[in-house]
Amino acid sequence: MKIPSVKGFHDVLPGESARWARLESTAREIFERYNFGEIRLPIVERSELFRRSVGETTDIVEKEMYTFSDRDGSDLTLRPEGTASAVRAYVEHAMQGVDPVTKLYYFGPMFRRERPQKGRLRQFSQIGAEVIGRDDPAVDAEVLVMLADLLRGFGIESAEIGVNTLGCAECRPGYREALVAWGESRLDERCADCQRRLRQNPMRLLDCKQPQCVGMRDEAPKMIDHACAACRNHFDRVLRLCDAEGVALTMQPYMVRGLDYYCRTAFEVVASGLGSQNAVGGGGRYDGLVQSLGGPAVAGIGFALGVERLALVLEAQGAAATTAVPEFFVAPLGEAAESAAFGLTHRLRVAGARVEMDSGSRSLKSQMRRAGKLDVPYVIILGEDEVAGGSITVRDMRARTDRRGIAPIDTDVETLRAALAAVATTAAAEERV
Ligand code: HAM
């Protein structure tokens, strides 16, 4: 009986994983240009870390975490996001002692028990970045400009970055009061979650996905109208610096993000081709978080992009997943040829060529069929005659020609490539004549 994978947990197969690898290598290159260093974080953390950072009354903590009791009774959770772990690591290793500005990036799986659908999984992968140590608006702008560079680097054409300010300890309480008053005005029309969360966490009213609550949102008070002078100045400076670099930002006055640690600048990236799960990334400032997790009173800001969603956007844009094609396919015929082929294949691979070898017990016809399916340009044939003569025959699969004795069996990859190139040049010259 087959054992299927778990709902919401997917395999990423070779063609698709090549796309992921390209996204990650582009991200790595851009992060390094901005002087970020990679951090590899554990997948399991103490549950308390997420309760205290993401927030007790968020969807993630209330209903989506994979929490379990370890055999020794410790309360552990599969991380639902990376920021809490990055900050935990920052505090644990006192990273402020190395440089007052710590810039970290990470890749890896996150776990949230959401209802699976297109672009929404229970295990998904993020590309994330965090800057800890400065509350300067230039840092927000640096992060947003880097985010725009990443999206351009990935070749995502339709992305839009929405921004909002979420205020600070000074001005947020006044806004909360305004939100509570607004929430109470039509309380019985709201969903049960919003009714329950109204007093504890009124910001959550703004990102509720229930249709009746979404419908009421346009009449809600806006944070920007309640922001203190310091928050307004901060936000204006971020917008101006981004504008000067040609990074387009769209004001989203009701965007609050689904995690509680944010303050001031918050942003979300949306792109077409995703259906209802259209956020490919999100982030923002979290100035109180480091201290609340036992660290120094330093500010932080960062974002994370969802790799599955980035890949879906690229697919919707028509970018096909590509499967890598071997340069050579080695086809031995019989046991003696197989031994020689084994050595030749290994030598070519050590020299850096991508090579596939079949088994000597299979017919030439079946090996050729397989090589054709793989779209390999050259098949190296090693039969009894080749082994006796000490040289190889190469079939050029495009030109449909066989070149007997083109190189010795113990050839190195350069000699082989040079011989094939010389044959191709002669063939082209013959065609011209
Ligand atoms: P987030 O908005 O919860 O932020 O997640 C960031 C991105 O992860 C989303 O925009 C989406 O692309 C992807 N994502 C989230 N949940 C799922 C899911 N169930 N299936 C597929 N993709 C998903 C954070 O996680 C913050 N830690 C970002 C951050 C970093 N803020 C500051 N620093």
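Looking at region 233-244, is at least one residue open to solvent by less than 50 Å² (accessible area, probe 1.4 Å), in a loop (DSSP other than H, G, I, E, B) and of a type outside the set (G, A, S)? Within region 233-244 (the criterion being open to solvent by less than 50 Å² (accessible area, probe 1.4 Å), in a loop (DSSP other than H, G, I, E, B) and of a type outside the set (G, A, S)), the answer is no, since none of the residues qualifies.
Could you list all residues from region 274-287 that are open to solvent by less than 20 Å² (accessible area, probe 1.4 Å) and not small (G, A, S)?
Step one: of region 274-287, the residues open to solvent by less than 20 Å² (accessible area, probe 1.4 Å) are 274, 280-286.
Within region 274-287, L274, V280, R285, Y286 meet the criteria.
Is it true that D188 is open to solvent by less than 50 Å² (accessible area, probe 1.4 Å) and away from the ligand (no atom under 15 Å from the Cβ)?
Details: open to solvent by less than 50 Å² (accessible area, probe 1.4 Å): no; away from the ligand (no atom under 15 Å from the Cβ): yes.
So D188 fails the test.
Hey, among V143, V163, V139, V180, which residue is open to solvent by 10 Å² or more (accessible area, probe 1.4 Å) and within 23 Å of A229 (Cα to Cα)?
Working: V143 fails: open to solvent by 10 Å² or more (accessible area, probe 1.4 Å); V163 fails: open to solvent by 10 Å² or more (accessible area, probe 1.4 Å); V180 fails: open to solvent by 10 Å² or more (accessible area, probe 1.4 Å).
So the residue among V143, V163, V139, V180 that is open to solvent by 10 Å² or more (accessible area, probe 1.4 Å) and within 23 Å of A229 (Cα to Cα) is V139.
Just so you know, in region 1-49 the residues that are small (G, A, S) and assigned to a helix (DSSP H, G or I) include one that is modelled with the lowest pLDDT, and it is G15. Spot the failing condition for A271; the list is (1) buried (at least 21 other Cβ atoms within 10 Å of the Cβ); (2) in contact with a helix residue (DSSP H, G or I) (Cβ under 6 Å, 6 or more places away or on another chain); (3) at pLDDT below 95; (4) closer than 23 Å to G167 by Cα, and only one is missed. Status for A271: all satisfied but (4).
Only residues that are more than 9 Å from the ligand (Cβ to nearest atom) and either outside the structural domain of E92 (by TED's automatic domain parsing) or assigned to a loop (DSSP other than H, G, I, E, B) (or both) were counted across region 116-160, and they come to 10.
Only residues that are of a type in the set (S, T, N, Q) and open to solvent by 80 Å² or more (accessible area, probe 1.4 Å): list them for region 196-211, please. Within region 196-211, Q200, Q210 meet the criteria. The lone criterion from (1) within 8 Å of the ligand (Cβ to nearest atom); (2) part of a loop (DSSP other than H, G, I, E, B); (3) small (G, A, S) left unmet by G281 is number (2). As a summary of the residue check, I224 satisfies the conditions (1) in a helix (DSSP H, G or I); (2) touching a Leu at 6+ places or on another chain (Cβ under 9 Å); (3) open to solvent by less than 50 Å² (accessible area, probe 1.4 Å) except for the one numbered (2). The sole residue among G334, G318, G372, G389 that is touching a residue at least 12 places away in the same chain (Cβ under 8 Å), on the phi > 0 side of the Ramachandran plot and either crowded, with 20+ Cβ neighbours inside 10 Å or not charged (D, E, K, R) (or both) is G334. Could you please let me know if P253 is part of a loop (DSSP other than H, G, I, E, B) and farther than 26 Å from G306 by Cα? Judged against the criteria, P253 is not a match. Which members of region 337-368 meet the condition of being open to solvent by 20 Å² or more (accessible area, probe 1.4 Å) and either under 15 Å from I392 (Cα atoms) or outside the structural domain of I381 (by TED's automatic domain parsing) (or both)? Matches in region 337-368: E338, S339, A340, F342, G343, R347, M357, L364. Annotation for region 80-95: at least one member residue is under 19 Å from the mean Cα position of the chain (by Cα) and farther than 28 Å from A138 by Cα. Inspect region 94-111 for any residue being in a loop (DSSP other than H, G, I, E, B) and open to solvent by less than 30 Å² (accessible area, probe 1.4 Å) and give the result as yes or no. The answer is no, given that none of the residues of region 94-111 is in a loop (DSSP other than H, G, I, E, B) and open to solvent by less than 30 Å² (accessible area, probe 1.4 Å).
Given region 368-433, what strands (runs of 3 or more DSSP E) lie entirely inside it while holding 1 or more residues that are modelled with pLDDT under 95? Break it down stepwise before answering.
On the way: elements: 378-382, 391-396, 401-408.
Correct list: 401-408.
Residues considered: L305, L314, L259, L293. Of these, the only one that is within 30 Å of E48 (Cβ to Cβ), out of contact with any strand residue (DSSP E or B) (no Cβ under 9 Å at 6 or more places or on another chain) and of a type in the set (A, V, I, L, M, F, W, C) is L293. Being in a loop (DSSP other than H, G, I, E, B) and open to solvent by less than 20 Å² (accessible area, probe 1.4 Å) is not true of E56.
Residues S74, S47, S69: which one is surrounded by fewer than 14 Cβ atoms within 10 Å (Cβ to Cβ), of a type in the set (G, A, S) and closer than 30 Å to A192 by Cα? Before you say what the answer is, go through the steps one by one.
Numbers: S74 fails: closer than 30 Å to A192 by Cα; S47 fails: surrounded by fewer than 14 Cβ atoms within 10 Å (Cβ to Cβ).
That would be S69, the only listed residue that is surrounded by fewer than 14 Cβ atoms within 10 Å (Cβ to Cβ), of a type in the set (G, A, S) and closer than 30 Å to A192 by Cα.
Within region 188-246, being farther than 26 Å from L144 by Cα, of a type in the set (G, A, S) and in contact (Cβ under 8 Å) with a residue 12 or more places away in the chain holds for one residue alone: A220. For region 88-107, the count of residues that are acidic (D, E), touching a strand residue (DSSP E or B) at 6+ places or on another chain (Cβ under 7 Å) and at pLDDT 95 or above is zero.
Just so you know, in region 299-315 the residues that are in a strand (DSSP E or B) and aliphatic (A, V, I, L, M) include one that is surrounded by the fewest Cβ atoms within 10 Å (Cβ to Cβ), and it is A304. Please indicate, with yes or no, whether at least one residue in region 93-103 is touching a residue at least 40 places away in the same chain (Cβ under 8 Å), within 15 Å of the ligand (Cβ to nearest atom) and not β-branched (V, I, T). Yes, there is a match, as at least one residue in region 93-103 is touching a residue at least 40 places away in the same chain (Cβ under 8 Å), within 15 Å of the ligand (Cβ to nearest atom) and not β-branched (V, I, T). Look at (1) more than 14 Å from the ligand (Cβ to nearest atom); (2) open to solvent by 10 Å² or more (accessible area, probe 1.4 Å) and you find that V61 fails only one, number (1).
The values are calculated or read from the model by the stated rules, or taken from the named source; none is laboratory data. This is a predicted model, so every value here is computed, not measured. All Cβ positions, even for glycine, are placed from backbone atoms using ideal geometry, and neighbour counts span all protein chains on display. SASA here: full protein model, heavy atoms, side chains in, ligands and nucleic acids out. Shrake-Rupley method; radii C 1.70, N 1.55, O 1.52, S 1.80 Å.
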